[in-house]
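**Student:** Take a look at the following structure, please.
The values are calculated or read from the model by the stated rules, or taken from the named source; none is laboratory data. Just so it is clear, the structure is predicted and the values come from calculations on it, not from any experiment. Every residue, glycine as well, gets a Cβ built from its backbone with ideal geometry; the counts of neighbours run over all protein chains shown.
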Amino acid sequence: MPTEAASTLLEKLFARQGLKRGMRDAQVVQAWRRAVGPEAARLSEARRFTRGTLFVDVSDSETAMHLAMQRRRFMDAINDALGWEAVKELRFAARGSVSPVATPDRSAEPRFGPPGPDDARAAVRLVGETDQTDGLEAVTRAAAAFAAREREAQAAGWSRCVYCDTVINGGRTCLTCGRYEHDARVQQTAAAWTAGQDGPTMALTEDEARVARTLAAGQLLQQVEVDLPAALTDRRVAAAVMRALKHRAALLLNVASADVSDTMLRSSLSDRLRAVLDRLPVDASDDV
């Protein structure tokens, strides 16, 4: 089996743990110093990256103006170093004029201890089988640390974001997915997908599209719940319910509705809905 670089394994691990977005953002911040050269790096410090914009702190307003004039060159250098078009905008601010970033209350956070035996076993499951040796130890340590973080966070009463599965301290969404949830483009796309469209209706990022698919899947389920009583006796309504359930499964699995098999459909449903499905006067394999 071909070997995989440790960085590739780490990215897969982060994606499984709902941390892929954070890892990519951190990569962009770290790329600033390497990509822009020693002189610019000496005068500045990348602070954060969000939604295509990299925010960079500098010592004074004159330096901010000087670097801003080279914005296009810096953006090209960073994107070339990363190998993908990450940075679409650069914003420079003198440190003296930057509002301090609010520091979240950490008092309720669990105190993460070293990973235990169960965490190590979880790490092996996360990393999976691989022939990779160089760097694999670091990947496994990272996996074990994530497993420990998840275990202790859940023990402290933390929950998961309903969209990206990230462990969060209260609420139903992480801050980023919560913002996407209320974005007009995301909501419009979710409405279009709810109406039966399979493909994207406008340009969304991977994370925004996931939120839109989940919203649409939830709206379809609400429709199904309303129609279920009539669907048990009316074949026409049952066929509509079956179409909605297949489309919902397609959204959740990110595949075309035509590619949803009966097994895939049933795996997307609760035990109660699977039982109801068997009582509908239409078969899942029918052309509905």
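**Student:** Looking at the structure I just gave you, is Leu252 modelled with pLDDT under 95, over 18 Å from Ala195 (Cβ atoms) and of a type in the set (A, V, I, L, M, F, W, C)?
**Tutor:** Here the answer is no, as Leu252 does not meet what is asked.
**Student:** Now for a different question. Is there a residue in the range 44-51 that is in a helix (DSSP H, G or I), in contact (Cβ under 8 Å) with a residue 12 or more places away in the chain and in contact with a Leu (Cβ under 9 Å, 6 or more places away or on another chain)?
**Tutor:** No, every residue in the range 44-51 fails to be in a helix (DSSP H, G or I), in contact (Cβ under 8 Å) with a residue 12 or more places away in the chain and in contact with a Leu (Cβ under 9 Å, 6 or more places away or on another chain).
**Student:** Just a yes or no: is a residue in the range 222-234 among the small types (Gly, Ala, Ser), in a helix (DSSP H, G or I) and surrounded by 15 or more Cβ atoms within 10 Å (Cβ to Cβ)?
**Tutor:** Yes: one or more hits.
**Student:** Say whether the condition of being without any contact (Cβ under 8 Å) to a residue 24 or more places away in the chain, of a type in the set (Gly, Ala, Ser) and in a helix (DSSP H, G or I) is met by at least one residue in the range 210-217.
**Tutor:** No: zero hits.
**Student:** Please specify each residue of the range 235-264 satisfying the condition of being more than 32 Å from the chain's Cα centre (by Cα) and either outside the structural domain of Trp193 (by TED's automatic domain parsing) or surrounded by fewer than 16 Cβ atoms within 10 Å (Cβ to Cβ) (or both).
**Tutor:** Of everything in the range 235-264, those that are more than 32 Å from the chain's Cα centre (by Cα) and either outside the structural domain of Trp193 (by TED's automatic domain parsing) or surrounded by fewer than 16 Cβ atoms within 10 Å (Cβ to Cβ) (or both) turn out to be Arg235, Arg236.
**Student:** Val186 is checked against (1) surrounded by fewer than 16 Cβ atoms within 10 Å (Cβ to Cβ); (2) modelled with pLDDT of 80 or more and fails just one. What number does that condition carry?
**Tutor:** Result: Val186 fails condition (1) only.
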